[in-house]
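What follows is one structure encoded as structure tokens, with my remarks underneath.
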Amino acid sequence: MLALLVALPILAFIAILIGAPARLTAISACVLNLIIGLGSAFCWEQDLWSFSVAVLEKPALHLAFGYMDGMSVVMVALSVIVALAAVLSGEAPKGSEKLYYGSSLLIAAGAIGAFVSTDLFFFYAFHEMALIPTFLMIGMLGRGDRRGVAWKITVYLGLGSLVLLAGLAWLATLSGTFSIPELMENAGDIDPAAQKGIAALLIIGFGTLVSLFPFHSWAAPAYASAPAPTAMLHAGVLKKFGLYGMLRIALPLVPEGLEMWLTPLLVLLLGNILWVGLVTISQKRLDSLLGNSSVMHMGYIFLAIAALIADNGNTLAQPAAIVLLFAHGISIALLFGLADRIERSTGTVDLEKMGGLAKSAPAMAFVFGIAAMASIGLPGLANFSGEVLVFLSAFQDYVPSQGLGPVQITCILAIWGVVISAVYMLRAYRNIFQGPSVKSTENAADLRMVDHIPAVLLIVALLAVGVYPNLILHLL
């Protein structure tokens, strides 16, 4: 059944290439995937979700899919929700429908394939497959200096992927297998000296793909230039591959190596939260603000990972990372979808050229307000649940008499990021929707019925996990 989740978007892509209606085919495939993906959460431990086909004997490579634990289930749920919202959002340029919807399907297929692969080679290969349509969408259908941006992210993510490949190949060579379950069985057998080198490669490789400071400068321009579905899928889903990889591969297999790099990692994640947060405040365009905001919030998830590195018995850290990872994926997808709709309605995303949009587009103002509040961390929405768990995980087993440790000090500094988020999101909301109407907003169109469907889908996910985070925590 998991093979079907990966195959459906690919088969739909092929159908589009040979003449099937692009939008209808993409929506149909994503609806089926949503039903299967969310349905799997109720029976994910059954054998029917396992799939394996031998591809090569020496070295032994298997196209193998499976739910190794509830973390994979959450990632699939995130992928199918955002994929459907993405193909329902935005408008394909005339004559480019095949590229527009076909690329979105391939990005979704690659992300799902990476999250359910139980073979290290295909875990890596599916992510790389998803990057190709990402580059094409930005380079061919993007905005602004789209070709320059496409080349920039190709270089950044290409180099990051090569570093990651070196680390994964080193792991497979030492362990003698590409099977992730077999790697887990032999966890702890790798020499600490080798662990340090592998951990460095994995932090740089996965970190570049996640936009960890200072390997982050590709992300904001890419999202600002990308068409709406690409920004939603990459920022909301595909970028989470690096975080998933840290939790799935790096932490179980090279824990001692990661511990040796804990202090530099704490410094880097503060760079994401504080430095990039201040950069976000200075942005004058909504698309650039959201791109930098996405980079900033990766620091919180890395904080939970750092708490787990510092204490592998920390029972809050991994659930915290997964809840916030899901919450951020949903909220940033909603924000990028709305940013595209605002640009189509007003002709601009320049914050200083807008105002009073709530008068002509009250539904858009309401939905954007929910998305903005989620990003800030308003109680009752999923991001709040994730951020609170992250901060609590940093202080689990804290003994006051022993003083503050590096993780606790980092957490205290990171809390200022909540203030920074409130500043830039509330300022953006005020500039766009409040005050007197201007020429670009006085006759702007509100959300149409077709725009309400992806918005409601994503808002329901934010509210469900925000009000009842055990929906995810029970899976973990």
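The values are calculated or read from the model by the stated rules, or taken from the named source; none is laboratory data. Quantities reported herein were computed from a predicted structural model and do not represent experimental measurements. Positions of Cβ are generated from backbone atoms using ideal geometry, with glycine treated the same way; all protein chains shown enter the neighbour counts.
Before moving on, here are some points about what is shown:
- Some residue of segment 420-434 being over 20 Å from ALA317 (Cβ atoms), touching a Gly at 6+ places or on another chain (Cβ under 6 Å) and not hydroxyl-bearing (Ser, Thr, Tyr): yes
- Scan segment 178-196 for residues that are in contact with a Leu (Cβ under 7 Å, 6 or more places away or on another chain) and buried (at least 17 other Cβ atoms within 10 Å of the Cβ) and the total you get is 4.
- Among the candidates ILE301, ILE273, the residue that is modelled with pLDDT of 90 or more, within 30 Å of ASP350 (Cβ to Cβ) and not assigned by TED's automatic domain parsing to the domain that holds PHE213 is uniquely ILE273.
- Hits in segment 2-22 (condition: closer than 24 Å to ALA461 by Cβ and surrounded by 16 or more Cβ atoms within 10 Å (Cβ to Cβ)): LEU2, LEU5, VAL6, LEU8, PRO9, ALA12
Residue by residue, here is whether (1) part of a helix (DSSP H, G or I); (2) in the same structural domain as LEU308 (by TED's automatic domain parsing); (3) surrounded by fewer than 19 Cβ atoms within 10 Å (Cβ to Cβ) holds:
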| site | (1), (2), (3) |
| --- | --- |
| THR410 | yes, yes, no |
| VAL418 | yes, yes, yes |
| LEU426 | yes, yes, yes |
| SER437 | no, yes, yes |
| ALA444 | no, yes, no |
| LEU447 | no, yes, no |
| ASP451 | yes, yes, no |
| VAL456 | yes, yes, yes |
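One line per residue, one yes/no per condition, for (1) in contact with a strand residue (DSSP E or B) (Cβ under 8 Å, 6 or more places away or on another chain); (2) farther than 30 Å from ASP340 by Cβ; (3) part of a helix (DSSP H, G or I); (4) among the basic types (Lys, Arg):
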| position | (1), (2), (3), (4) |
| --- | --- |
| ALA7 | no, no, yes, no |
| ALA12 | no, no, yes, no |
| ALA26 | no, no, yes, no |
| LEU32 | no, no, yes, no |
| ILE36 | no, no, yes, no |
| LEU63 | yes, yes, no, no |
| TYR67 | no, yes, no, no |
| VAL73 | no, no, yes, no |
| VAL82 | no, no, yes, no |
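- The requirement of being more than 16 Å from TRP49 (Cα to Cα) and either crowded, with 24+ Cβ neighbours inside 10 Å or of a type in the set (A, V, I, L, M, F, W, C) (or both) is satisfied by ILE81.
- Complete set of residues in segment 38-52 that are in a helix (DSSP H, G or I) and modelled with pLDDT under 90: SER40, ASP47, LEU48, TRP49
- Residue check, LEU325 within 18 Å of VAL388 (Cβ to Cβ), outside any loop (DSSP other than H, G, I, E, B) and either touching a Lys or Arg at 6+ places or on another chain (Cβ under 8 Å) or not assigned by TED's automatic domain parsing to the domain that holds ILE432 (or both): yes
- The listed residue being within 18 Å of the chain's Cα centre (by Cα) and not basic (Lys, Arg), out of SER179, SER175, SER211: SER211
- Answer from LEU165, LEU106 - the residue that is crowded, with 19+ Cβ neighbours inside 10 Å, in contact with a helix residue (DSSP H, G or I) (Cβ under 8 Å, 6 or more places away or on another chain) and in contact (Cβ under 8 Å) with a residue 40 or more places away in the chain: LEU106
- Condition check for LEU426 on (1) modelled with pLDDT of 90 or more; (2) farther than 18 Å from PHE302 by Cα; (3) touching an Asp or Glu at 6+ places or on another chain (Cβ under 9 Å); (4) of a type outside the set (Lys, Arg): one failure, at (3).
- Selection from segment 23-51 of residues that are free of Cβ contacts under 8 Å to residues at least 40 places away in the same chain and surrounded by fewer than 16 Cβ atoms within 10 Å (Cβ to Cβ): LEU24, ILE35, GLY39, PHE42, CYS43, GLU45, GLN46, ASP47
- The sole residue among ALA321, ALA339, ALA310, ALA372 that is within 23 Å of the chain's Cα centre (by Cα) and within 29 Å of ARG248 (Cα to Cα) is ALA321.
- Meets criteria (in the same structural domain as LEU335 (by TED's automatic domain parsing) and either assigned to a helix (DSSP H, G or I) or among the small types (Gly, Ala, Ser) (or both)) for THR230: no
- Residue check for GLY403: at positive phi and surrounded by fewer than 15 Cβ atoms within 10 Å (Cβ to Cβ): yes
- Breaking point among (1) out of contact with any Lys or Arg (no Cβ under 6 Å at 6 or more places or on another chain); (2) acidic (Asp, Glu); (3) farther than 24 Å from TRP416 by Cα, for ASP350: (1)
- Members of segment 185-207 found to be touching a Ser or Thr at 6+ places or on another chain (Cβ under 8 Å) and at pLDDT 90 or above, listed by number: GLY205
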